[in-house]
1. Roughly how many percent of the accessible protein surface of segment 139-273 is carbon and sulfur, given a 1.4 Å probe and a whole-percent answer?
2. At q = 0.17, 0.22, 0.23 Å⁻¹, what is the log10 ratio I(q)/I(0) for segment 281-405, with the Debye formula run over Cα points and no solvent?
3. Compute the helix-to-body angle for 126-144: its Cα long axis versus the longest principal axis of the chain, expressed 0 to 90° and rounded to tens.
4. Over all directions, what mean area does the Cα convex hull of the chain project, stated in square nanometres?
5. How much length would be gained if the chain were fully extended between residue 423 and residue 395, taking 0.36 nm per residue of separation minus their Cα-Cα distance, in nm to one decimal?
6. For the chain, what is the accessible area per residue in Å², given a 1.4 Å probe and the full set of protein chains?
7. How big is the charge dipole of segment 281-405 about its Cα centre, in debye rounded to the nearest 20, if each Lys and Arg gets +1 on its Cβ and each Asp and Glu gets -1 on its Cβ?
8. Please work out the C-alpha center-to-center distance from segment 390-408 to segment 414-442 and express it in whole Å.
Amino acid sequence: PEETVTSSFASFIHAVRPEHLSKTVRHRSKRMILDSIGVGLVGSTTHVFDIALQYCRLYSSVAVSSVYGKPGVKLSPTLAAFTNGVATHSMDFDDTWHPATHPSGAVLPALLAASQMLPPSTKPNGMDFLLAFNVGLEVQGRLMHFSTEAHDIPKRFHPPSVVGTIGSAAATAKLLSLSTAQCAHALGIAASLAGAPMANAATQAKPLHIGNATRLGFEAALLAARGMEANPLILDDIPGCSGFSAFYSVYQPKPLSTPSDHHEFLLEKQDIAFKRFPAHLGMHWVVDAALSVRNLFINYAGSFSPSLIRTIVLKIPVSKYINRPFPSSEHQARHSFQFNACTALLDGEVGLSSFTESSIHRQELRELLDKVVVEHPEDNAANFDKMYGEVALLLHSGDVLTGKCDTFYGHWRKPLSKESLLKKFRSNASHVLPEEKIETIIATVDNLENLPDSSQL
């Protein structure tokens with residue numbers, strides 16, 4: 001039969017082998033796995049995670065898969081994936097790629113749960129696990145590159161709820177060793193389970209987007225394994241009958257070549273962005289710009305004195321859901337340029353404690369927020385690869401101090417060092433695990449290629 005875009009993706013998923021993973025891809029993806037586990041562990045301390053866990057425990061008839069941060073608690077595999085996906089995105093602390101999506105949280109929880117689900121005789125080893133993880137990343141990245149619309153900060157739907165669901169299906173299909181035809185059906189089934197509107201950003205419902213993506217992609221692979229079929233052209237652009245193109249106004253898919261001696265994964269070409277604090281990625285530009293101008297202000301005045309400031313001008317891209325002048329909840333605060341810039345100015349840092357109720361409702365912070373004016377320069381694109389953040393302090397004296405950031409520390413152009421990544425992981429994991437277990441996880445991920453049974457992770 002003539003090859004289609006969908007069949008090429010299915011053939012790739014089925015045919016790709018561990019030897020196709022370069023040293024760079026293995027290194028970068030292990031950093032992603034470690035960071036995602038740490039983010040999930042600290043996310044297991046949140047209220048929204050507790051709600052998800054309570055819901056899932058109502059339906060745990062086959063409880064074999066572990067839950068982040070809850071020793072002794074197990075759920076059925078797909079519900080464990082859902083719960084751990086919610087944990088991963090509960091603080092908006094998880095990694096981000098370009099075009100914009102959160103790739104790890106949509107894939108890793110499904111693979112962790114599936115590894116524990118499989119019987120001892122068919123347990124995947126660590127290299128199998130690492131390969132399946134990268135298949136999930138690759139499929140997400142390829143789909144995002146098929147539309148110019150996907151390159152900008154989203155407006156209509158949350159990308160991981162769409163490409164993440166397909167990526168989870170692809171990764172799980174690989175881990176379960178599905179046939180080429182079953183892989184194609186898994187992608188088609190997943191497409192019917194995908195999607196979440198951006199209106200639920202900055203609410204407790206947003207973490208469900210990641211939870212659903214990893215769970216529903218997992219379920220799509222399980223259904224395909226049991227014989228369920230879907231449209232074999234789901235990723236193709238068929239005039240008059242939308243498949244995956246239903247999610248994008250401009251969609252130009254291309255076949256994914258079956259790997260022969262070599263395959264260059266997208267992760268080889270572009271690294272990932274790791275967040276230093278738990279908030280929307282766009283916040284990291286304005287925080288670094290605010291910290292820069294704060295240092296200038298202290299050199300100017302001797303200390304940070306808000307009373308000397310008349311106006312705070314933020315120059316940011318146009319993006320309605322992260323332009324929130326006066327956030328009233330932790331989830332709104334994580335999606336507010338104004339809040340994050342003013343918190344960085346006031347405290348000299350942004351961290352976990354910045355989003356507590358007491359921090360959000362401080363009078364001195366409110367007074368700074370009252371001084372903020374937002375501008376949207378034409379050259380500041382709503383695009384994680386092109387945007388910048390600028391914070392200008394207009395003083396009562398007439399002087400103007402300005403800080404600007406076009407690449408924050410942690411962006412793919414300025415990756416976190418090994419020391420910074422490990423510091424973040426240890427800090428996150430320490431909220432629920434003792435030191436010895438934290439170090440065991442670090443060693444296990446670092447040696448993942450040689451792990452005989454990936455369910456040990």
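1. About 52 percent, which is the carbon plus sulfur part of the accessible surface.
2. Taking Cα atoms of segment 281-405 as identical point scatterers yields -0.79, -1.32, -1.43.
3. 70 degrees
4. Mean shadow area of the hull around the Cα atoms is 22.0 nm².
5. 6.4 nm
6. For the chain, the solvent-accessible area averages 39 Å² per residue.
7. 120 debye
8. Rounded to whole Å, the Cα centres lie 34 Å apart.
The values are calculated or read from the model by the stated rules, or taken from the named source; none is laboratory data. Just so we're clear, the structure is a prediction, and the values are computed from it rather than from any experiment. With ideal geometry, Cβ positions are generated from the backbone for all residues, glycine too; neighbour counts draw on all protein chains shown. For the accessible areas, the whole protein counts, side chains as well, though only heavy atoms, and no ligand, DNA or RNA atoms are used. Shrake-Rupley method; radii C 1.70, N 1.55, O 1.52, S 1.80 Å.
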